[in-house]
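For reference, the structure is listed below as structure tokens.
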Amino acid sequence: MDIIVHDPGRYHVSLDTVWEFEEAIHLDPHVRLASSRESIFTHVPNLAWRAIFRALSSRSPSALQPRAHLESVPDMFAILMGPNFRKTMPRFLSEAHKSIYLFDAWPQNHEKIRQFSDACELDHLFISSSQGAAALGLLVKSAKCHWVPEGITPGDYYLAFQPERDIDVLQLGRRYDKYHLMIAPELEKRGKKYLYEKQPGTVVFPTRLDYVEGLMRTKISICAPMSVTNPDRAGGIETMTVRYLQSMLSRCLIVGHAPAEMIQLFGYNPLIEIDYSDPAGQLLGLLDRMKDHEELIEKNYRAVRANHTWNSRWQQIKGIVFGNAPGQRPEPQAPLGYK
């Protein structure tokens, strides 16, 4: 199988998760890496690709022929953060069995995803959100849609030393402003070290090493899905992101909200749900009694290492692509607004 990998010259912090998955797949001896920088056509502007996709995907469903009988064509796979389809061009316009794994499949991009999938005649569309997979399954004609949750590579979060846990509360990524305003004054008043996004778009830790070390220095990690922090963009979809797994692997106690799919995956609620009646008091109480939650922290750590690695996700994907998949998960519900 050919894996179309990232362009190392274009960096954004959100791509770390894509690269981590690509590196995990690279360990598979049956995988061959294929650069996304093979042709000038990869730099055709998005508007041009959109026009091509619209034209190709306007064909009738009967024109989209099943291709399982094509045994001699290659298998191609790409991991995308959102609808960054230029990464797949021009390879995905060739004759092949084609699949993608897609992060950030938010409702506002579903029509764009449908156009791409039908135009390129994808065989499989793997979505990190269960609700996103269910919604796209109602739209996409050519591909089979599957939910494969985000994962993690434990070895990427190992340090040769154990730093002191001197960060009391950490809120990574997009700040949950409503909650932040309820906890920040009291945490500051009590002299607690609370790190968060100071300005929209800024990062708490500037480098990957700082990021890994910062999580391992943290006692409580605040994690909430976009359906809570930015419901307009989430469009009714709540999903588990890698931030939860990173926090568990770093042995942080997580406070926030657990998406329903996460509880399904773990078989229990692995975090402490926010007490909105007294959020600051809840955090201060938890900080005073961290030892009371050591069993939950260790349970989460073991669960992530055993069941939620990128390697285990890749084995699930290979099983589906090559026809030896394990039993199917229960059908997830589509987000609000889909029938």
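The values are calculated or read from the model by the stated rules, or taken from the named source; none is laboratory data. Note that the structure is predicted; figures quoted are calculated from it, not measured. Reconstructed Cβ throughout: ideal geometry from the backbone, glycine too, with neighbour counts over all protein chains shown.
Quick notes on this structure:
- Here Phe116 fulfils each of the conditions (1) part of a strand (DSSP E or B); (2) within 26 Å of Gly319 (Cα to Cα) apart from (1).
- The number of residues in segment 113-137 that are in contact with a Gly (Cβ under 8 Å, 6 or more places away or on another chain) and either basic (Lys, Arg) or not assigned by TED's automatic domain parsing to the domain that holds Thr17 (or both) comes to 0.
- Matching option when the condition is β-branched (Val, Ile, Thr) and either in a helix (DSSP H, G or I) or not assigned by TED's automatic domain parsing to the domain that holds Pro259 (or both), among Val203, Val140: Val140
- One residue stands out in segment 30-50 among those that are farther than 28 Å from Thr202 by Cβ and in a helix (DSSP H, G or I): the one that is modelled with the lowest pLDDT, namely Ile40.
Results for (1) small (Gly, Ala, Ser); (2) in contact (Cβ under 8 Å) with a residue 60 or more places away in the chain; (3) closer than 30 Å to Asp166 by Cβ, shown as yes or no for each residue.
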| residue | (1), (2), (3) |
| --- | --- |
| Pro279 | no, yes, yes |
| Arg289 | no, no, yes |
| Leu296 | no, no, yes |
| Arg302 | no, no, yes |
| Arg305 | no, yes, yes |
| Thr309 | no, yes, yes |
| Gly323 | yes, no, no |
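- All helices (runs of 4 or more DSSP H) inside segment 231-313 with 1 or more residues being under 18 Å from the mean Cα position of the chain (by Cα) and more than 18 Å from Gln171 (Cα to Cα): 231-234, 260-266, 294-307
- Those residues of segment 298-310 which are crowded, with 19+ Cβ neighbours inside 10 Å and either modelled with pLDDT under 95 or in contact with a Leu (Cβ under 7 Å, 6 or more places away or on another chain) (or both), in sequence order: Val304, His308
- Residues of segment 6-29 satisfying the condition of being surrounded by 13 or more Cβ atoms within 10 Å (Cβ to Cβ), modelled with pLDDT of 65 or more and among the hydrophobic types (A, V, I, L, M, F, W, C): Leu15, Val18, Trp19, Phe21, Ala24, Ile25
- Residue count for segment 206-233, restricted to those that are within 28 Å of Gln131 (Cβ to Cβ) and either modelled with pLDDT under 90 or assigned by TED's automatic domain parsing to the domain that holds Ala105 (or both): 5
- Failed condition for Met262, given (1) farther than 20 Å from Arg289 by Cα; (2) modelled with pLDDT of 95 or more; (3) surrounded by fewer than 21 Cβ atoms within 10 Å (Cβ to Cβ): (3)
- Every residue from segment 177-200 that is surrounded by 13 or more Cβ atoms within 10 Å (Cβ to Cβ), part of a loop (DSSP other than H, G, I, E, B) and of a type outside the set (Asp, Glu): Arg190, Lys192, Lys193, Tyr196
- Selected residue (criterion: surrounded by the fewest Cβ atoms within 10 Å (Cβ to Cβ)) from residues of segment 98-112 that are touching a Gly at 6+ places or on another chain (Cβ under 9 Å) and part of a helix (DSSP H, G or I): Gln108
- Neighbours by Cβ (under 7 Å, 6+ apart or cross-chain): first from segment 219-237, of a type in the set (Lys, Arg); second assigned to a helix (DSSP H, G or I): Lys219/Leu287; Lys219/Met290; Arg233/Met226
- Scope segment 158-173; condition among the polar types (S, T, N, Q) and exposed (fewer than 10 other Cβ atoms within 10 Å of the Cβ); matching residues: Gln162
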